[in-house]
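One structure is given here, and the rest of the page talks about it.
The values are calculated or read from the model by the stated rules, or taken from the named source; none is laboratory data. Remember, it's a predicted structure, so these values are computed and weren't measured experimentally. Here the Cβ positions follow ideal geometry from the backbone for every residue, glycine too, while neighbour counts run over all protein chains shown. These accessible areas exclude ligands, DNA and RNA; they are computed on the full protein's heavy atoms, side chains included. Shrake-Rupley method; radii C 1.70, N 1.55, O 1.52, S 1.80 Å.
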Amino acid sequence: PSSPPPPEPRNFPPLLSAMPAAASAGTTVYAFLTFHVRNVRLAAFCEAAAELIAASEGDKGKQRTDIHRELPWARAISNEEFTLFMMQQIWDSGTDLEAHTRSNHAMAFNASVMKGRMLVTEPSVSIFGEPLSPATLAELGAEVFATQAAEAAQASAEAAKAAEGYAAAPAVAAAPSGLSSSGKVLLDQSLRSTKSSSSSSAMARQDSRSSVLKASGAMALKK
């Protein structure tokens, strides 16, 4: 049976022109690009990549460009449909890399790959800095540790402060009607005064009734 027709070309973003200026002048940058090349278009891709490498030799700031093909191994990504390639570019600065992406030969490579339907998926681009030495790794690790320790200390202090505020809240709520201790004293005095006044009024009413009864008895005796 005949093989199915190749898929229509996808609208991939520009391969190299998508890379931003990664670093300031004077800082070496490393660009890594992966290409999943359809095996039926493998020859055309190799030709386009060779032309790009040759045309880039005179680009300002270029240190080197290498392209690697994945070897067959137990967990290889390449299969019967496509082959994985990795391109590595080293530049004196991000500015030089950005200028390369706008060059005629870089844009011609992009167009060739797109129009030739050479890829099965969108290529990936990653930008890295210079290799890290053991001393640099140790310094980076120390900086990260110090930052994490400071963040942990701040979080602990905030938690302790929140706990103190939570513990103080019941003491305020225990005072009836939100009265302070001095307010409670005034309230107690007022209650005692009211009670005393009520008792005096009751006694006065009782004395008045007694006087009335005595007067009535006296009048009865006179009669």
Here FRET efficiency (C-beta to C-beta, Glu151 to Phe128, R₀ 30 Å, nearest 0.05) is 0.65
Expressed as a percent, the accessible surface of the stretch 39-135 that is carbon or sulfur, using a 1.4 Å probe and the full set of protein chains, is 55
The aspartates and glutamates whose Cα lies under 15 Å from the Cα of Lys60, excluding any fewer than 8 residues away in the same chain, are Asp92, Asp96, Glu98
Dividing the mean separation of Cα pairs under 8 Å (6+ apart) by the residue count of the stretch 40-131 yields a relative contact order in percent of 34
Two pseudo-spin positions, 7 Å from Cα along C-beta at Glu51 and at His68, lie apart in nanometres by 2.7
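Restrict the search to the stretch 29-89; then list the trypsin sites (Lys or Arg not before Pro) that DSSP places in a loop and that have at most 13 other Cβ atoms within 10 Å of their Cβ.
Sites meeting the loop and neighbour criteria: Lys60, Arg75.
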Counting Lys and Arg as +1 and Asp and Glu as -1 over every other residue whose Cβ sits under 12 Å from the Cβ of Ala76, the net charge comes to 0
If each part is reduced to its alpha-carbon centroid, the stretch 25-83 and the stretch 115-174 end up apart, in Å, by 35
